[in-house]
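Report on the structure given below.
Coordinate-derived values only; no laboratory data. This one's a predicted model, so the numbers in the text were calculated from it and none came from an experiment. FYI the Cβ positions are ideal-geometry reconstructions off the backbone, even for glycines, and counts take in every protein chain you see.
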Amino acid sequence: MTEVVQTPSQPGTQFAPRVFSGIQPTGGLTLGNYLGAMKRFVDMQDSGVETLYCMVDMHAITMPQDPDNLRRATRELAAGYLASGLDPKKSILFNQSQVPEHAQLGWIFNCVARMGWLNRMTQFKDKAGKNRENASAGLFTYPSLMAADILVYHATHVPVGEDQKQHIELTRDIAAKFNHDYGVDFFPITEPVIEGAATRVMSLRDGSKKMSKSDPSDASRINLTDDADTIALKIRKAKTDPDALPSEVEGLEGRLEARNLVNIYAALDDSTPEAVLKEVGGKVFSEFKPMLSELAVAKLSPISGEMARLMEDTAEIDKILGEGAAKARKIASPILDQAYDIVGFVRS
Ligand code: ATP
Ligand code: MG
């Protein structure tokens, strides 16, 4: 289990440990989201520290979204969190747009972050693609809002996948610049928590590309809602090389697809790539892939079954999110008030 320890933001100052993370309701959840984020969120809710988990619907609209799909994806994501073991009695579960303090602090952070910092963000470059001029301004300023998502709770730890490391570094830069510019020690310098065997699950079709829920190719990913046959088919068709698996991790050097499947197996099995290779070293993919399918189906089908059950009663989901948002606002509101005082806003 992840150990969450107190982090000094500056020598002499302590912030109580608090965990925050979010997922965008931009489509079905993938195995990458589950192993890189959700499964680890669930582990952390039992670490004895306050945990807040969010559906970041305001980030989702940085790319075009159909309103009905967005509503559905938000509820389905909530169902995914709950089906993966998130307990709303232990964790605060809510959607971002129901807590306006995120956007309010996000504006202040737009005025703290520098254009040069945002220009370096690889996610913007990846998502804007060749047509930068036509990308939304929100896609560009996304990292300031993400910093606000985290810092409006004074969160000290953020479990994320490897792809979000750069955004957490920016969050730290924003906190440090705010603290420095206003001569305060108000925001913690948040730690990313990137750990386990699956911090970067790769596409099943291209071992150099991250598995993403917004990838146009459905064959590139395993969705949490895929049935057993679909999972088996996607794994059978996953790109691999002709060689047998090695017995040591060094043997995975330069074999991106092989490494990815071994990492997925290890993460699903709560094991390590080293231990998996001890067991399967020497096997060819036609032997290893069915083992992986069986494990994936065993771990994922209870989750997809529970998600389907929860989606039958979206009123219950909406109730959980409303209660979560009220709890989240109780924490965020006084922190935003203090930030407003620090920057000099008059409030009568
Ligand atoms: P999108 O394509 O819309 O950006 P996404 O699949 O990248 O969707 P996000 O909502 O951006 O999902 O990310 C949610 C969380 O899942 C983040 O913590 C992110 O680091 C993690 N994550 C996303 N993809 C992967 C992956 N392939 N491997 C491990 N973690 C991942
Ligand atoms: Mg993403």
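Restricting attention to segment 111-126, the residues being in a helix (DSSP H, G or I) and surrounded by fewer than 18 Cβ atoms within 10 Å (Cβ to Cβ) number 9. For segment 178-206, a tally of residues being assigned to a loop (DSSP other than H, G, I, E, B) and either within 16 Å of ligand 1 (Cβ to nearest atom) or crowded, with 20+ Cβ neighbours inside 10 Å (or both) returns 15. Among the residues making up segment 227-242, a single one is within 15 Å of ligand 1 (Cβ to nearest atom) and either exposed (fewer than 15 other Cβ atoms within 10 Å of the Cβ) or not in a helix (DSSP H, G or I) (or both): ALA238. Considering only residues that are farther than 14 Å from ALA148 by Cβ and surrounded by 21 or more Cβ atoms within 10 Å (Cβ to Cβ), look in segment 161-177 and name the one that is nearest to ligand 1 (Cβ to nearest atom). Per the criteria, the residue is GLY161.
The criterion of at least 2 residues that are small (Gly, Ala, Ser), surrounded by 24 or more Cβ atoms within 10 Å (Cβ to Cβ) and touching a helix residue (DSSP H, G or I) at 6+ places or on another chain (Cβ under 7 Å) is met, among helices (runs of 4 or more DSSP H) falling completely within segment 13-87, by 67-83. Hey, does segment 207-219 have a residue that's in a strand (DSSP E or B) and either surrounded by 21 or more Cβ atoms within 10 Å (Cβ to Cβ) or touching a Phe, Trp or Tyr at 6+ places or on another chain (Cβ under 6 Å) (or both)? No.
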